[in-house]
Structures are given as C-alpha cells and as structure tokens.
Amino acid sequence: MTTDETAQGGSKTGPLPFDTTKPHQARVYDHLLGGKDNYAADRAAAEALLAVYPGAVYTARANRAFLGRAVRYLTAEAGIRQFLDIGTGIPTAGNTHEIAQAIAPESRVVYVDYDPIVLAHARALLDSSDAGATEYIDADLRHTDTILAGAAGVLDFSKPVAVTLLAILHAIPDPDDPYAIVARLLDAVPSGSYLAISHAASDLLDQETMRSFANSWNSRGQQRITWRTREQVARFFTSTDLVEPGLVRVDEWRPTAGPASAGTSNEWGAVGRKR
Ligand SMILES: C[S@@+](CC[C@H](N)C(=O)[O-])C[C@H]1O[C@@H](n2cnc3c(N)ncnc32)[C@H](O)[C@@H]1O
C-alpha cells in the first residue's frame, strides 16, 4: 500500500479529511448499493437525493454492473491482464481483481482512491491470487505522476493496461482539467491499451430534476459533482476507438440476457481501445 506523500498537509487536491459529518461520494454510493460503510450524514444525503431523483439507487447499481461487464469484457475478450482502477470505492462484491482473476488468475490490478474510508478497507483489495498481484495507492486522481510512479511497481507499462475511471471523473471540476488528466494517463500506456469510463450525465434527466439533484448534492457533499453531456464525455475517448456499442447509458452497454431492467440509469459509459 502506498500513500500520496505530495498530497499530505491539507493541499487543495490532497486526500479528503476524515469528516463523517459531511456526506462523501464513496460512502453515499456505498449506501445506495446497500453497503454498511457509511455514516448518518451519508445516509441523509442519499435519502435527500432519492427524494428528488428516485432513480439514484438504480443508477448506482447499474454503474456497478457496468464495472463488472466492462472488466469481464476486457479480461475475457480483449485479453487485458493489467488494470489501473482509479476511484476504486469502498470494496464491495465484484471488485475489479476478483472479476479479472476469476477469468485470468495472473491479472495484476492497481487500485487508487483518496478517501480515508476506502484506505481503511483496502486490505480487502489485497487478497490477490498467487499468480497475479494487487496494490493499493492512496492518491488523488489529479496527481497522475504519483499514481503512475506507484503503479509502475506492479504494472508493466510496456504492455497494454486498462485504465478504469468509473464514476470518478464527475468529481473533477472543469478548472482541474479532467481531459488533461485522462490524456496524461493514456500517454503512459501503449497502443492497444483500454480506457473505461462511466460518468454522471447532465442530459438524460429532465432539466428540473437535474437542477434539484445537483443542488441536493452540491449543497452538502464533500466533493462537488460536475454532470456532463454525452458529447463532453465522448471527448475523454478522443485517442481511442470505441468498442461496440459505443458511448451509451451504462445499463445499455452489452447488457447480459435476463429479465428486462427496472429502470434507466443517469450515467454515460463506454470502453475505448487506444490507437
Ligand atoms: C462512486 S465511487 C465509484 C466506485 C467504483 N469505481 C465503481 O464504479 O463502482 C467514486 C470513488 O471515486 C473516489 N474519488 C473521487 N474523486 C477522487 C479523486 N480526485 N481522486 C481519487 N479518488 C477519487 C471516491 O473516493 C470514491 O471512492
């Protein structure tokens, strides 16, 4: 486990303080997924979100299911054996290394998150198969040099890597240039690597619900969320070719056969292959 030394000391982009009185994205998401690693403020924020947007539980679950299908696709069909999973979240069922190593035990996974609660639970992410490896880096996505230097201990950057940024880029506001962050990460991996993104949408809900949803979260959360349009999310994939079916709602991305879904998500998702 490594920590983001450069981010210590309360810098603007450093690890979040451990403040349980303010809702935090990882813990609200955990509550929406039915997890137990959250506090009263997180549960209150989740209930307030659900009051204006009842589809939030469906969206959280659809996002997690997208993670599963994307990692399965990357391992089983694209032959990827190395993952850089940034914005890991609190460990829950179906973590990236569990899915990848069930298909290819030699898979190597580096997890990155900046939430102290995720760090506290990171041990659950370090139970790699003997043939593979997992590592956890406590760092802010904006500190790409720290992340890449730490990940190089486990990942071989001369071979393809899947960079997964699931439900995290909407926590990076425009002034912090999320496009440059993604470009720096993709610059570090060879052609044939993959980028997987899911991102909260600003253009799927009606505008009134969207406004209430945004106000409900941004007036209380520790991080502000920037919802983006499909076109804005597509820009992250500029140097890649999108895998079928392209950039769609996360629940529309290669859905598995089964009962018809009980909702529609409010997140865009795609997987692209670096040219
Ligand atoms: C909603 S959770 C998503 C978890 C997982 N990727 C998934 O899709 O199921 C978002 C995670 O991103 C982390 N996160 C948000 N902003 C971050 C940043 N700037 N640096 C590192 N992690 C961040 C949060 O702490 C949280 O654990």
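What follows is calculated from the coordinates using simple rules that are stated; it is not laboratory data. Just so you know, these numbers come straight off a predicted model, no measurement behind them. Glycine gets a Cβ as well: all are built from the backbone with ideal geometry, and neighbour counts include every protein chain shown.
From most to least packed by mean Cβ count within 10 Å, the peptides 230-238, 101-109, 165-173 give 165-173, 101-109, 230-238. Taking ALA60, ALA45, ALA93 as the candidate residues, the one with maximal mean-square fluctuation in a Gaussian network model of the chain, Cα springs under 10 Å, is ALA93.
For ALA262 and THR209, the difference between the fully extended length at 0.36 nm per residue and the C-alpha to C-alpha distance is 17.2 nm. Out of all DSSP beta bridges with both ends in the chain, state the antiparallel percent to the nearest 5. So the antiparallel bridges in the chain amount to around 35 percent. Site pair ASN218 and THR3 shows an inter-label distance of 3.3 nm when each label is modelled 7 Å from Cα along Cα→Cβ. For segment 1-153, the Cα-based Rg and Dmax, in that order, read 16.0, 47 Å. Overall size of the chain from C-alpha positions, given as principal axis extents largest first: 47, 45, 33 Å.
Place +1 on the Cβ of every Lys and Arg and -1 on the Cβ of every Asp and Glu in segment 133-229, take the dipole about the Cα centre, and give the residue among SER191, ALA133, TRP227 whose Cα lies farthest towards its positive end. The residue sitting most towards the positive pole is TRP227.
Using C-alpha pairs below 8 Å separated by at least 6 residues, the relative contact order for the chain is 21 percent. Using the Kyte-Doolittle scale, find the helices of the chain whose mean hydropathy is at least -0.5 and whose Cα atoms extend 18 Å or more along the helix's long axis, counting only whole DSSP H runs. The qualifying helices are 40-52, 56-72. When each of the peptides 25-33, 246-254 is scored by the mean number of other C-beta atoms lying within 10 Å of its residues, the order from highest to lowest reads 25-33, 246-254.
Calculation over all alpha carbon pairs of segment 168-231 in 5 angstrom steps from 0 returns a P(r) of 3, 15, 22, 22, 16, 10, 6, 4, 1 percent. About its Cα centre, the dipole of the chain is roughly 380 debye, where the only charges are +1 on Lys and Arg Cβ and -1 on Asp and Glu Cβ. Rg and Dmax over the alpha-carbon atoms of segment 36-91 stand at 15.1, 42 Å.
Less than 12 Å Cβ to Cβ from ALA70, Lys/Arg counted +1 and Asp/Glu -1: what total charge do the surrounding residues give? Around ALA70, the surrounding residues sum to +2. Listed peptides 180-190, 73-83, 134-144 appear in the order 134-144, 73-83, 180-190 once ranked by packing, highest mean of other Cβ atoms within 10 Å at the front.
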